[in-house]
Amino acid sequence: MNISTSLICCDLSNISKDLDIIVEHEGFNWLHADFMDGHFVPRYGISPELIQALRKRYGNRVMIDSHMMVQDPYTYADVIAPYSDWYFLHYEAVTDPVRTLQMLRKKYPALKIGLTFNLFTPDAVIEQIAEHGEGVVDGMMFMGISPGVLGTKSFPETVQRRLEFVNFTNPEIKTFVDGSVNYDTLLPYKNAGAHTVVSGTSAMFKSHPETEGMTREELVNFNINKIKGIIQ
């Protein structure tokens, strides 16, 4: 299972300092880029220029999965897709998801493309895509919280059930989890077949009583070792 560090949860005043520490650890070279438009979700995310700069800095040493929490994800593709390895759009954000996915695949044939599903996306939709989506989607991302809203209730049981269904039904489709990723859910998500989970303030950058007085580098390394101890 890959750990994808949430860029928006890094120290944005000195993001390369955090990432230089993280990407040196095996299995932690994934970066999760949240793009938000203030309409599909009620906040704004990072800028395209950030992943352009990170791609220049790290090259192919990192995998970047871009999470498009925007109303019209296709219009943003020109400034984001060329710097991304994965491009996820929300099922509810487009009128015709399959057509949008096909347009992206035609324009960016090397790009891995996926759909993201909110907590209350009907299970029937997810089941149909899992059963018939091979060749249409490369990945399915499941939200554990409301997208773009911090501090909302999490539903890890729903996420776990969806992971298990997709991995049993169509293991060729890679499964991702964003939100509700913490020390209690890491192992259940791995056991349910998650390909990649997004880690932020609840795991990667979490403070503990025993980390009081640590430098930022020491804190990040402490949390990475804690995550490794759980999933390895």
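The values are calculated or read from the model by the stated rules, or taken from the named source; none is laboratory data. The structure presented is a predicted model; accordingly, all values stated were derived computationally and were not measured. Neighbour counts are summed over all protein chains in view; Cβ atoms, including those assigned to glycine, are modelled from backbone coordinates with ideal geometry. We work out accessible area using only protein heavy atoms, side chains counted, and drop any ligands, DNA or RNA first. Shrake-Rupley method; radii C 1.70, N 1.55, O 1.52, S 1.80 Å.
Structure notes:
- Accessible surface, the stretch 48-183, averaged per residue in Å² (probe 1.4 Å): 47 Å²
- Pairwise Cα separations in the chain fall into 5 Å bins from 0 onward with the following percentages, short to long: 1, 7, 15, 19, 21, 18, 12, 5, 2, 1, 0.
- Straight-distance crosslink candidates among lysines, where the alpha carbon sits under 24 Å from Lys228 and sequence neighbours closer than 8 are dropped: Lys17, Lys174, Lys190, Lys206
- For the chain, built as a Gaussian network whose Cα springs stay under 10 Å, the top-fluctuating residue of Asp65, Asp123, Asp37: Asp123
- Placing unit charges on the Cβ atoms of the charged side chains and taking the dipole of the chain about its Cα centre, the candidate lying farthest along the positive direction among Phe28, Val41, Leu186 is Phe28.
- Beta bridges by DSSP in the stretch 36-173, antiparallel share as percent, to the nearest 5: 5 percent
- Nearest-20 debye value, the chain charge dipole, Cβ charges on Lys, Arg, Asp, Glu: 320 debye
- Each Lys and Arg adds +1 at its Cβ and each Asp and Glu adds -1 at its Cβ; summed about the Cα centre, the stretch 62-179 shows a dipole of about 180 debye.
- Exposed loop sites here are trypsin sites (Lys or Arg not before Pro) assigned a DSSP state other than H, G, I, E or B and surrounded by at most 15 other beta carbons within 10 Å; excluding them, the longest clear run of the chain is 44-152.
- Most mobile listed residue (Leu219, Leu115, Leu163) in the chain, GNM with C-alpha springs under 10 Å: Leu219
- Carbon/sulfur fraction of accessible area - the chain, other protein chains in place, 1.4 Å, %: 50 percent
- Within the listed set Asp78, Asp138, Asp18, the Gaussian network model of the chain (springs between alpha-carbon atoms below 10 Å) gives the highest mean-square fluctuation for Asp78.
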